[in-house]
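So that we are looking at the same thing, I have put the structure below in structure tokens.
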Amino acid sequence: MAIRFSIYYFNEKIGGYLQKVINASPQGVVVSVAILAPSLTVPEDGEADVWFIEYDDRVEGFDLWIEKMQQRVNHPAIFLYLQEASTEVLLKALRLGVQECFVGQISEPDFHKALHRFNKVRKTLHDGEKTQIISLLGCKGGVGVTFLAVNLAQSFLQDRKEPVLLFDLDMQAADVSALLDIQPRYTILDVIENFDRLDPQYLKDIIHSRDSGLDVLPGPQRLEDSEIVQAPQVDKILQYLRSQNLYRWILLDLGDHLDEITLKGLEASDLVLLITVLTIPALRHTRKILQMLHRLEFGEQKLKPVANCFINGIDIAPSEATKFLGQDFLAVLRSDPKVVIQSINEGRPLVETQPSDRLSLKISRLARMLNGEEKADSRKAGIWQGFKRLLWLRGSA
């Protein structure tokens, strides 16, 4: 699909250069070109997908003009071009909330990547798919919340190739970084400290992006820093992330503690996965949490228990656990402890390193169920169809 550009410039040579850059791209089409001098007027064209603007911070009122353009309903994306810029000017331009910013010579690969990022955002908006927030909460410690959060996030990314953010809100452990073997330069503390100037570009600079494409917002890396994070701050961040619609899915690792921050995460979520294991102590904790959250008006449609680390012949049978809880499991995940530990120690998601492993396939199927691509009872239906086919074969023999 072509991307339609309107170009706005001060220097005629710059305007011509931007036309050449766009025309050299297989996707780019220039639909209009206009000079901004001597007066700044808000454009009225409704054809463009992108406004490509020459940025000059020396022009009085220019930043305010860009902000007004972004206040228009359904305004096009904004790309800025700077012929040259100091770090201070570049940061000033980025904080205006534009989607892309170019300085000096624009290489063909860089422009292609920018158009690819734009298309990803446009596809999400075009399909009407808004950001979905899924929380993972453990009934107690040691039930594999972070392991499942990491692998489920990677499964979403691999399945649909749409942007996914894994947000570590476990203030006590913050183990997402460890399971992905990353040493984050920035964490949630940087988002809190700079929230007043937060915009999509600045957020992109703070968030850690893995080579696979999975974005990660780590939790505090020092235990004493966890006290800095407060529930109202988390609430504001989650509201901002949802309003920007930058991600198709945001997965929250809430750990296993019920506190004000956890409750803010639960309230912001479209779906809550309550992670448990099939042992008596874990199931007792799970039932207590289910009962408490039901009293807080979290219905069964929003709150789904998931049995993790199931070992047949050792753990309580899923059918018995279901009777005890009074609610069906969304999924029962069988696993080999050796495979799980190996994946954790490697610092890479199991679904990425061993996609054909039984647990990887189960997690991938869970992601498809949450996507709406596969029904929760499809496996039962498949067994029933196979049983009917077996009866038919026997009858026809």
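Consider Asp190 carefully, then state whether it is touching a residue at least 40 places away in the same chain (Cβ under 8 Å) and in the same structural domain as Ser243 (by TED's automatic domain parsing).
no
Taking segment 81-130 only, how many residues are modelled with pLDDT of 85 or more and closer than 23 Å to Val191 by Cβ?
Summing the residues that are modelled with pLDDT of 85 or more and closer than 23 Å to Val191 by Cβ in segment 81-130 gives 2.
Look through Ser155, Ser209, Ser177 and report the one residue that is hydroxyl-bearing (Ser, Thr, Tyr), under 19 Å from Arg248 (Cβ atoms) and free of Cβ contacts under 8 Å to residues at least 60 places away in the same chain.
Ser209
Could you list all residues from segment 168-195 that are β-branched (Val, Ile, Thr) and under 17 Å from the mean Cα position of the chain (by Cα)?
Val176, Thr187, Ile188, Val191
Is it true that Gln201 is under 22 Å from Gln132 (Cα atoms), touching a Gly at 6+ places or on another chain (Cβ under 9 Å) and at pLDDT below 90?
yes
Another question, if that's okay. How about segment 268-291: which of its residues are loosely packed, with under 15 Cβ neighbours inside 10 Å and in contact (Cβ under 8 Å) with a residue 12 or more places away in the chain?
Listed by number, the residues that qualify are Ile280, Pro281.
Could we say that Lys288 is more than 30 Å from Pro337 (Cβ to Cβ), among the basic types (Lys, Arg) and assigned by TED's automatic domain parsing to the domain that holds Asn151 here?
no
Can you report the number of residues in segment 226-241 which are closer than 16 Å to Asp170 by Cβ and surrounded by fewer than 16 Cβ atoms within 10 Å (Cβ to Cβ)?
4
Name the residues in segment 134-163 that are surrounded by fewer than 20 Cβ atoms within 10 Å (Cβ to Cβ) and part of a loop (DSSP other than H, G, I, E, B), would you?
Within segment 134-163, Lys140, Gly141, Gly142, Lys161, Glu162 meet the criteria.
The values are calculated or read from the model by the stated rules, or taken from the named source; none is laboratory data. On a predicted model such as this, the values are computed, not experimentally measured, just so you know. Because the Cβ atoms are built from the backbone with ideal geometry, glycine has one as well, and the counts that use them run over all protein chains shown.
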